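The values are calculated or read from the model by the stated rules, or taken from the named source; none is laboratory data. Every value quoted in this text rests on a predicted model; they were computed, and no experiment measured them. With ideal geometry, Cβ positions are generated from the backbone for all residues, glycine too; neighbour counts draw on all protein chains shown.
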Amino acid sequence: MTLALFLGVLLAGIIIGVPVAFSLLLSAIALMLHLDLFSADILAQSLINGVDSFPLLAIPFFLIAGEVMASGGLATRIVRLASSLLGHRKGGLGFVVIFTSVLLAGLSGSAVADAAALSSMLFPMMAKANYPHGRSAGLLAAGGIIAPVIPPSLPLILIGVAGNISIAKLFVGGIVPGLMMGATLVIVWKILVRNEDLEVMPKATGKERLAALRDGVWALLLPVIIIGGIRFGIFTPTEAAVVAAVYAIFVSTVIYREMTWAGFFRMLVTAARSSAMVMFLVGCAMVAAWLITIAQLPQQLAAALGPLVDSPRALMATIMVIVFLVGMVMDLGPSVLILAPLFMPVVKMAGIDPVYFGLLFIINASIGLITPPVGNVLNVVCGVSRTPMSLAVKGVWPFVLAYLVLLSLFVVFPSIIIVPMNLLIG
């Protein structure tokens, strides 16, 4: 009854168009009334306490770093380097998209930002070279969702806070699966273009490649600094966010000299707005999470999934199906903040590694960003590239299916993620 009330109010609010944050708040209020605990003071205090978290300070700083990356010249130089290395191959621009997606994922941590930046820079080049529009849009969207998996990643921070999981371990653990997502795209793209008659870019000379590498090395150092600093204990993920923001600003203003004062101000305003939306959503989700615990909803869910607790793989498969279905109609952030507190007690009861669960959750929910009927990242790519959604849906399906196969391998063989993660963590 309590679980049905919570989900009923939440889904009803979302269906009638109430923003997810307010829907979460309404579902929390419904639980408070049902449990005869309603108090406006407690509600306000819980909302404030929900965002009073040191790890959450990483969000505004990583958003600043991402905005600087997009407007300060870092992304442009990454694309130029990728083009000099891979543009001459058959379907070369597709490989440029994949290579750039992986590199940008280590800079911004935002699927939407990466997809928008890639689409604005690379889609016109792909269209000019007679690449099919739908397939190009599908690849750009599929490349964009690598960003939530490879650190620095805002969704990894969110699930770390919502599920009480080590963010540092999530960051280190996301490297291998993120690279495997990129490798999966390479395999699928090679299969798709093997019989296509596509225009090939001129091969860059060694001098041109060296110049592109020299120009882009400052951008390439950012993920190295972040991951290296966290791995060797030099700074925490939150402190890494500050380092990333300061470094990105320094490179764009002093080294590349492409950031103006007006652009810097616009970037700060954009990052502040994004931070405010994310923080309010987190605050509302933490209120709901607190009431979920008080109402013992995880215990009810555990009872429903009880027969699967003794079979971790079957339990993970079931959870992944639920997450995928929710991800098809809900954005990544709300999916994390709503479902992670519900599933985490069951996951721990089954003896599943929380970091492994968190990584699979983010990979799965990220796939939902390019899956109809909502597909926020796919919508962004269509808007930037002016590609009809019908064409983009046809173009993205091979990559969605490939990602689902990879996710299934992670579920069946957890050691693919856990072993390299433990080696990297040491």
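Out of the residues in the stretch 370-410 that are of a type in the set (Val, Ile, Thr) and surrounded by fewer than 18 Cβ atoms within 10 Å (Cβ to Cβ), which is nearest to Pro151 (Cα to Cα)?
Within the stretch 370-410, the first condition is being of a type in the set (Val, Ile, Thr), and the residues that meet it are 370-371, 374, 377, 380-381, 384, 387, 393, 396, 400, 405.
The next check asks that each one be surrounded by fewer than 18 Cβ atoms within 10 Å (Cβ to Cβ); those that pass are 374, 405.
On the way: Val374: 25, Val405: 22 Å.
Top of the filtered list is Val405.
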So which residues in the stretch 241-270 are surrounded by 16 or more Cβ atoms within 10 Å (Cβ to Cβ), under 23 Å from the mean Cα position of the chain (by Cα) and not aromatic (Phe, Trp, Tyr)? Ala241, Val242, Val243, Ala244, Ala245, Ala248, Ile249, Met267, Thr270
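Per-residue answers, yes or no, for (1) more than 15 Å from Phe324 (Cβ to Cβ); (2) more than 15 Å from the chain's Cα centre (by Cα); (3) not assigned by TED's automatic domain parsing to the domain that holds Ile187:
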| residue | (1), (2), (3) |
| --- | --- |
| Pro345 | yes, yes, no |
| Asp353 | yes, yes, no |
| Leu360 | no, no, no |
| Ala365 | no, no, no |
| Pro373 | no, yes, no |
| Val384 | yes, yes, no |
| Thr387 | yes, yes, no |
| Leu406 | no, yes, no |
| Pro414 | yes, yes, no |
Condition (residue is modelled with pLDDT of 85 or more and buried (at least 17 other Cβ atoms within 10 Å of the Cβ)) applied to the stretch 204-211: is it met by at least one residue? no
Does Gly229 satisfy the condition of being among the small types (Gly, Ala, Ser), under 30 Å from Tyr247 (Cβ atoms) and in a helix (DSSP H, G or I)? yes
Residue pairs qualifying under the 7 Å Cβ cut-off, at least six apart or on distinct chains, with the first in the stretch 190-206 being more than 19 Å from Ser83 (Cβ to Cβ) and the second being in a helix (DSSP H, G or I), are Leu192/Arg135; Leu192/Pro398
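Yes or no: the stretch 315-328 includes at least one residue that is closer than 30 Å to Asp41 by Cα and of a type in the set (Ser, Thr, Tyr).
Here is the first cut: in the stretch 315-328, the residues closer than 30 Å to Asp41 by Cα are none.
No, the stretch 315-328 contains no residue that is closer than 30 Å to Asp41 by Cα and of a type in the set (Ser, Thr, Tyr).
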Any helices (runs of 4 or more DSSP H) falling wholly within the stretch 253-364 and containing at least 3 residues that are at pLDDT 85 or above: 261-294, 312-327, 332-349
Identify the single condition in (1) crowded, with 17+ Cβ neighbours inside 10 Å; (2) part of a loop (DSSP other than H, G, I, E, B); (3) of a type in the set (A, V, I, L, M, F, W, C) that Ile367 does not satisfy, given that it satisfies every other one. (2)
Looking only at residues that are surrounded by 14 or more Cβ atoms within 10 Å (Cβ to Cβ) and without any contact (Cβ under 8 Å) to a residue 40 or more places away in the chain in the stretch 13-37, which one is nearest to the chain's Cα centre (by Cα)? Pro19
